[in-house]
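Coordinate-derived values only; no laboratory data. The shown structure was predicted, so the numbers you read here are calculated from the model rather than taken from an experiment.
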């Protein structure tokens, strides 16, 4: 069975709740022992650095990438 790929694209501000996503992924990995997922979080906002820190502190480095801003051109490469 392969990995499930999760993706969030949007604003990374306190009211957007992306910190809840990271906490849920930590729970999935360390409570349920699941490592068969990878999450890509694309976007920028006031919480970007806090979310990067939370991802590191949650030991999700192998399962989560926070890319920052990704342009339409980068997303739709032919």
Ellipticity estimate at 222 nm from DSSP helix runs (n ≥ 4, -39,500 (n - 2.57)) divided over the chain, nearest 500 = -10000 deg cm²/dmol
Under the Kirkwood approximation for Rh and a Cα-based Rg, what ratio Rg/Rh is obtained for the chain?
-> 0.98
Select from 17, 55, 68 the residue whose mean-square fluctuation is largest in a Gaussian network model of the chain (Cα-Cα springs shorter than 10 Å).
-> 17
Counting alpha carbon pairs within less than 8 Å and at least 6 residues apart, what relative contact order, in whole percent, applies to the chain?
-> 37
